[in-house]
Amino acid sequence: MASSANAGIDSTSANAKCLRPKPAPLYASTGLDVWTLMNQVAASVNAVNLGQGFMSFPPKDFIKRAAQEALADDTHHQYAPARGRPGLLEQLGTRFSEKFGRPIDPSSEISVHAGANEALLSAFTAFLEHGKGEEVILIEPAFDQYTPNVIMAGGKPVYVPLRICTDKDPSKEVISSNAWKLDINELKSAISDKTRILVLNTPHNPVGKVFTRKELQEIGAVAQQHNLLVISDEVYEHLTYGAAHVSIATLPGMWERTITVGSAGKLFGVTGWRVGWAIGPAEL
Ligand code: PMP
């Protein structure tokens, strides 16, 4: 009896040595992101790292002063409302009401997040149902976080390429970022009865393309025809180098189906702060 009991204990502890908690397959499948990978590789060979999105200049004094003043204010250190602090929501409401040419209600049409990335993940999570194979159109090349965010939210990424359309030879000459075009028929053919979301990114990371009003109208028409939610990642809205930045949410019929995502990290050159927002109609 004693020896078989011991054998039981031994085998349990042997098992305990082998068994380890494992992440859910959905999460494990997303792997290491490009950002982490490139930072490690660049550091290991002491290379100049162009892949990490850091600003190469310090933040302006006014923004650092604002952070210092906020820290010195004792009312700022307790739980904030889940949707964001009222003062920030109000400021965002004023700025985006002006930009969008419509009154935006800060208490129901804006939410503040831990960076644009969390705003994106929250939007995917809110609009995708697990286990249904719901599809999300991503325009490639694309910011690398979209794919794992979609997968973790239970969706399936479907890629549509931007293609270089120019008479120039890109291997010999510098081409404009606007030489990258989305073929609208290619977009249409990627849509199935499972497509729920189209992700737009303008200005575009990594190619820098600023989508024109006409391009956005065409994309918007497809979204309306197929009842898609558009998640419009506009974190680089000011990096247009002279081109007009158009938010797709401002086009006719698009406010109702668009969540626009922004980032204070990009806006003020303080990427480590991780303050972002999502803007859309209260029903969404
Ligand atoms: N969208 C794009 C296109 C980005 O390039 C980045 C950051 N590199 C983000 C979203 C994430 O922004 P945040 O740092 O505010 O989470």
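All of the numbers you see were taken from the coordinates with simple rules; none came from a lab. These numbers come from a predicted model, not from an experiment. FYI the Cβ positions are ideal-geometry reconstructions off the backbone, even for glycines, and counts take in every protein chain you see.
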Meets criteria (within 15 Å of the ligand (Cβ to nearest atom), touching a residue at least 24 places away in the same chain (Cβ under 8 Å) and not hydroxyl-bearing (Ser, Thr, Tyr)) for Pro161: no
Only residues that are within 11 Å of the ligand (Cβ to nearest atom) and either of a type in the set (Val, Ile, Thr) or not in a helix (DSSP H, G or I) (or both): list them for the range 113-127, please. His113, Ala114
Identify, from the list Val207, Val270, the residue that is in contact (Cβ under 8 Å) with a residue 24 or more places away in the chain, more than 23 Å from Leu89 (Cα to Cα) and within 16 Å of the ligand (Cβ to nearest atom). Val207
Flag if Val199 is free of Cβ contacts under 8 Å to residues at least 40 places away in the same chain and under 23 Å from Ser177 (Cβ atoms): no
Could you grab me the full set of residues in the range 47-65 that are more than 21 Å from Phe268 (Cβ to Cβ) and either surrounded by 13 or more Cβ atoms within 10 Å (Cβ to Cβ) or of a type in the set (Ser, Thr, Tyr) (or both)? Asn49, Gly51
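Could you list all residues from the range 138-149 that are touching a helix residue (DSSP H, G or I) at 6+ places or on another chain (Cβ under 6 Å), touching a residue at least 40 places away in the same chain (Cβ under 8 Å) and either more than 13 Å from the ligand (Cβ to nearest atom) or not charged (D, E, K, R) (or both)? Break it down into steps so the answer makes sense when it comes.
Of the range 138-149, the ones touching a helix residue (DSSP H, G or I) at 6+ places or on another chain (Cβ under 6 Å) are 138, 144-145, 149.
Filter again for touching a residue at least 40 places away in the same chain (Cβ under 8 Å), leaving 138, 144-145.
Correct list: Leu138, Gln145.
Can you find, within the range 203-216, the residue that is surrounded by the fewest Cβ atoms within 10 Å (Cβ to Cβ) among those that are touching a helix residue (DSSP H, G or I) at 6+ places or on another chain (Cβ under 9 Å) and not in a loop (DSSP other than H, G, I, E, B)? Spell out the reasoning first.
Applying the first criterion (touching a helix residue (DSSP H, G or I) at 6+ places or on another chain (Cβ under 9 Å)) to the range 203-216 yields 203-204, 207-212, 215-216.
Filter again for not in a loop (DSSP other than H, G, I, E, B), leaving 215-216.
Numbers: Glu215: 19, Leu216: 22.
Selected residue: Glu215.
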When the range 100-155 is checked residue by residue, the ones that are more than 27 Å from Leu26 (Cα to Cα) and surrounded by fewer than 18 Cβ atoms within 10 Å (Cβ to Cβ) are Phe100, Gly101, Arg102, Pro103, Asp105, Ser107, Ser108
